[in-house]
Amino acid sequence: MNIRQNLFGQGPKAGREQQGGYGRPPAPPPRDDTPMAGYEDPRGGYRDPRGSYGAPMPSQRQAMPQRPAVGRMGGPASPARRVQLRIAKVEDKTLANQYIFGNLCAVSPQDFPPSRDGTDLYILLNNQYVVTARPLASFPPGCISLSDPQRTWLSISMMDVLDASLYDPFSQGPKAYLGALDVDVGFASAKKVTEVPFDQDVLAEAFIKQFENQIFAPGQNLLMDYKNIPLMFRVKTVQLTDLSMEKSHEGNPTLSVPHARGILTGRPATAMTFYKDAKSPIKLKGSSKRPAANSIIAPDFKFEDMGIGGLDTEFSSIFRRAFASRIFPPGLIEKLGIQHVKGILLFGPPGTGKTLIARQIGKMLNSREPKVINGPEVLNKYVGQSEENIRKLFADAEKEYKEKGDESGLHIIIFDELDAVCKQRGSGAGGGTGVGDSVVNQLLSKLDGVDQLNNILLIGMTNRMDMIDDALLRPGRLEVHMEISLPDESGRAQILKIHTSKMRENNVMDRDVNTLELAHLTKNFSGAEIGGLVKSASSFAFNRHVKVGTVAGVSDDIENMKVNREDFMHALEEVKAAFGVSEEELDDAMDKGIVHFSPHIENILSDGAISVDYVKNSADASLLSVLMWGPQGSGKTALAAKIALDSGFPFVKLVRAKAMMGFSEQAKIQHLNKVFEDAYKSPQNCVIVDDIERIIEWSPIGPRFLNSVLQALMVLFGTKPPNNRRLLIIATTSQRSTMRQLDLQPVFDRELAVPYIQSHKELAALLREIGAFENDADLAASLNELGEMTQTDQVGVGIKKVLTAVGQAKRDVENFPSRFAEMMAQLIAASRD
């Protein structure tokens with residue numbers, strides 16, 4: 001006896017009828033040895049009884065009744081009526097394939113009468129799954145046809161009995177349509193594959209045309225014959241929308257629960273996104289209309305949410321260079337013939353937020369958690385293990401790229417202290433074993449080798465960009481070089497607001513604290529130093545609430561503690577900017593102040609102020625060098641320090657020979673170069689190079705000097721700062737003739753002469769300004785005595801020696817005027833020798 005008669009009774013079987021006809025005479029009983037069309041073939045894939053799987057079949061638009069707008073649930077059957085159904089097959093093989101590849105289920109008109117307008121029916125199975133059904137007159141009552149993908153989706157077997165009822169798509173609310181549909185796609189048969197990539201836009205049009213007005217839900221499986229290639233689809237997520245609303249579906253949530261079902265529409269067309277099945281060799285061509293499916297930028301992302309201030313310009317540049325190409329449609333990028341940026345190098349002074357940026361970029365992106373590794377962690381004492389550590393960083397990205405191709409998610413690798421392992425090859429890094437060179441070679445091959453990856457982004461960070469191998473910095477590798485410089489005033493204000501936000505929210509910061517004022521006072525502070533400033537101010541506030549006479553006792557009024565402006569002022573005295581003004585050195589150079597004993601001093605300060613204004617405000621002046629020359633002890637260093645302090649430049653550095661005592665030539669050059677490199681990190685800078693002849697170790701016996709240091713100074717004095725930054729160089733020397741001989745004098749743009757105290761008149765003005773004598777009578781007596789000793793009113797002694805003589809003469813309290821005159825006479829005589 002036929003096994004189907006045992007399973008489903010003696011009811012009528014589905015015969016070989018034409019589509020759309022009902023009430024046709026039943027077909028002869030099927031043969032027992034005929035494979036059931038649409039079910040799994042033992043040889044793999046889905047077997048076509050015609051011998052050519054996926055052969056052309058009649059168009060559903062022509063052969064089947066047209067489906068008008070969905071939502072008109074016609075027919076005499078009541079939606080509340082429930083029917084018990086068993087699984088059967090459509091015996092006509094051609095008709096069976098049309099049902100299978102049309103994602104349709106055959107039911108008997110006796111169980112579910114056709115609708116008045118000929119539209120397909122929606123049937124709810126087991127109160128969980130909705131399928132699209134089309135009544136077939138010759139199909140046996142009490143049965144339903146389900147293909148193998150459908151049975152897999154429903155998690156049922158051939159022997160199961162299903163509970164079925166009509167389903168109203170609007171029973172769950174007005175959002176009954178699919179605004180967006182994400183689908184996995186792969187080849188259904190291992191024997192019917194192609195190397196030609198599928199255009200996602202064309203595939204979406206064919207999918208909508210084939211399955212328009214059908215209901216889909218996450219997890220649903222279905223088959224489709226596309227250009228004689230059977231494809232398997234699996235719904236990943238859906239977005240439901242209300243077509244009566246004008247708003248787009250983009251604001252609706254993405255759902256992956258099985259009961260989130262909706263109707264596929266053609267006008268307006270449901271937005272479809274296809275993902276490559278990880279187990280299938282199918283290739284997908286990116287859409288040129290829609291953004292990438294694996295969009296990496298969170299749609300609700302805002303820069304201020306990252307907790308990083310003062311880096312708006314840098315973030316805009318990073319986004320434009322590294323991420324903009326990843327949010328546009330892949331098809332458009334393919335038309336341009338470009339590849340995504342694979343590497344970013346963040347460099348700049350310590351404490352400016354490089355590591356913080358790299359950490360926060362993970363929050364900006366929809367990608368997986370970034371891999372974070374410090375440079376020294378890569379190195380290993382075992383042979384080959386360091387290179388293996390590099391390969392492990394890229395292993396996950398390689399595996400996913402092989403499975404999903406361009407649909408692979410973005411893999412971010414954050415490499416801190418990159419200069420520790422990526423030094424210039426051949427420099428001996430790695431202890432002479434060549435490990436450093438091998439690590440660089442391995443990293444280069446992974447970033448841009450033979451097997452290229454397009455799903456990685458390496459973010460490297462370093463304070464020493466000059467130490468990194470050049471091959472790593474070329475386009476295709478770490479091609480985006482972003483300098484994270486010191487924040488400007490508005491940036492410092494943003495950072496201060498971030499660091500004090502908790503204080504403001506919890507009302508523990510006094511109202512007299514003005515972040516704009518603090519931002520103005522913290523010139524050249526890095527983000528880390530501003531954080532240290534806030535901590536220091538908090539410590540002063542804590543100190544006010546410590547019990548008197550105790551170290552750790554907390555006073556009773558601790559609840560009223562507030563951080564006020566005075567705390568921040570104390571903190572500014574404690575926390576200094578690493579790239580700020582060398583106040584201690586400048587104050588030391590001006591320990592005796594500036595004495596205006598002659599109009600020449602006013603002229604020098606006035607000329608210095610003009611030079612400062614020229615560098616600060618002139619559009620075409622990024623570099624100005626000034627040589628201040630004069631005899632030893634004439635006050636050149638003090639005047640240069642005064643000009644620099646009055647300039648208001650955020651970076652002022654004093655370079656002295658005593659800071660380089662014992663240095664080799666190479667060490668001196670490196671020290672000088674570092675000073676100027678630091679100066680290039682600030683928008684406005686002043687560098688004072690004191691006693692050039694001492695720095696180059698000039699000696700008139702020979703003569704001898706360090707030529708390499710001299711050449712380095714000449715280069716540094718003539719090099720313009722990068723990025724439109726401003727630099728004022730003030731150099732001092734007591735050997736102007738030597739500077740001319742060494743060909744260093746022509747390097748300077750301006751020269752300022754600092755003279756001796758030339759006459760008794762200037763000496764009297766100096767002594768009056770510093771208050772050396774109690775009255776003018778003593779002053780006049782001392783100068784008369786000096787004139788008698790020297791027989792001239794000319795002095796010719798530097799101010800430094802005069803001030804020293806005043807200090808020594810005051811030791812003789814009873815005979816101060818005479819003692820001073822005697823000491824000055826000795827100095828004048830010595831200057832004439």
Exercise for review: Please list Y756, Y401, Y167 in order of solvent-accessible area, largest first, computed with a 1.4 Å probe with all protein chains present.
Suggested key: Y756, Y401, Y167
Check your understanding: When all protein chains stay in place, what accessible area (Å², nearest 10, 1.4 Å probe) is found for Y275?
Key -> 40 Å²
Check your understanding: Dividing the convex hull volume of the Cα atoms of the range 498-640 by its residue count, what figure in Å³ per residue is obtained?
Key -> 189 Å³
Check your understanding: Of K354/K423; K209/K236; K616/K681; K592/K636; K192/K335, which sit over 22 Å apart, Cα to Cα?
Key -> K192/K335
Revision key, fill the gap. Taking D607, D557, D567 and ranking on accessible area (1.4 Å, protein atoms only), highest first, one gets D557, D607, D567
Study note, to complete from the structure: Heavy-atom accessible area of V715, protein chains in place, probe 1.4 angstrom, given in Å² to nearest 10, is 90 Å²
Exercise for review: In whole Å, largest first, what are the principal axis extents of the Cα atoms in the range 732-833?
Suggested key: 52, 27, 22
Practice item. May I ask you to give the average projected area over all directions of the convex hull of the Cα atoms of the range 153-248, in nm² rounded to one decimal? Key: 8.5 nm²
Practice item. Express the carbon and sulfur contribution to the solvent-accessible surface of the range 607-716 as a percent, rounded to the nearest whole number, probe 1.4 angstrom. Key: 55 percent
Exercise for review: Apply the Karplus parameterisation 6.51 cos²θ - 1.76 cosθ + 1.60, with θ equal to phi minus 60°, to every residue of the range 790-799 and state each ³J(HN,Hα) to the nearest whole Hz, in sequence, with x for glycine and proline.
Suggested key: 9, 6, 7, 9, 7, 10, x, 10, x, 5
Point to revise | 5 angstrom amide H check on V797, placed H, neighbours 5+ away | key: I757
Practice item. Find the Cα radius of gyration of the range 82-193, compare it with 2.2 N^0.38 Å by division, and give the number to two decimals. Key: 1.12
**Study point:** D437, D690, reordered so the largest accessible area comes first (probe 1.4 Å)
**Key:** D437, D690
Study note, to complete from the structure: For the range 208-213, Karplus-derived ³J(HN,Hα) couplings (6.51, -1.76, 1.60; θ = phi - 60°; whole Hz; x for glycine and proline) come out as 5, 5, 6, 10, 4, 6
Point to revise | 5 Å-binned pair-distance histogram of the range 788-828 (Cα, whole percent) | key: 5, 25, 33, 22, 12, 2
Practice item. Starting from the amide H of S625, placed 1.01 Å from N in the peptide plane, find each other amide H under 5 Å away whose residue is 5 or more places distant or on another chain. Key: I729, D749, R750
Practice item. For the range 606-651, report the translational diffusion coefficient in µm²/s to the nearest whole number, using Stokes-Einstein at 4 °C, 1.567 mPa s, and a Kirkwood Rh over Cα pairs. Key: 112 µm²/s
Exercise for review: Please work out how much accessible surface S782 shows to a 1.4 Å probe, ignoring ligands, DNA and RNA, in Å² rounded to 10.
Suggested key: 0 Å²
**Study point:** Surface per residue (accessible, 1.4 Å probe) for the range 571-622, Å²
**Key:** 55 Å²
**Study point:** Cut-off under 5 Å, modelled amide H: who pairs with T237 long-range
**Key:** D182
Practice item. In vacuum, with every alpha carbon of the range 570-623 counted as one equal point scatterer, what does the Debye formula give for log10 I(q)/I(0) at q = 0.14, 0.24, 0.28, 0.31 Å⁻¹? Two decimals, please. Key: -0.65, -0.99, -1.03, -1.08
Exercise for review: Compute log10 of I(q)/I(0) for the range 623-731 with the Debye formula, placing one identical point scatterer on every Cα and leaving out solvent, at q = 0.11, 0.14, 0.23 Å⁻¹, to two decimals.
Suggested key: -0.34, -0.56, -1.39
Revision key, fill the gap. Taking protein heavy atoms only, a 1.4 Å probe, and rounding to whole percent, the accessible area of the range 737-777 owed to carbon and sulfur comes out at 44 percent
Study note, to complete from the structure: Over all viewing directions the Cα convex hull of the range 604-684 casts an average projected area in nm² of 6.3 nm²
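The values are calculated or read from the model by the stated rules, or taken from the named source; none is laboratory data. Given the structure is predicted, the values throughout are model-derived calculations rather than measurements. Quick note on the areas: whole protein, heavy atoms, side chains included, nothing else; ligands and nucleic acids left out. Shrake-Rupley method; radii C 1.70, N 1.55, O 1.52, S 1.80 Å.
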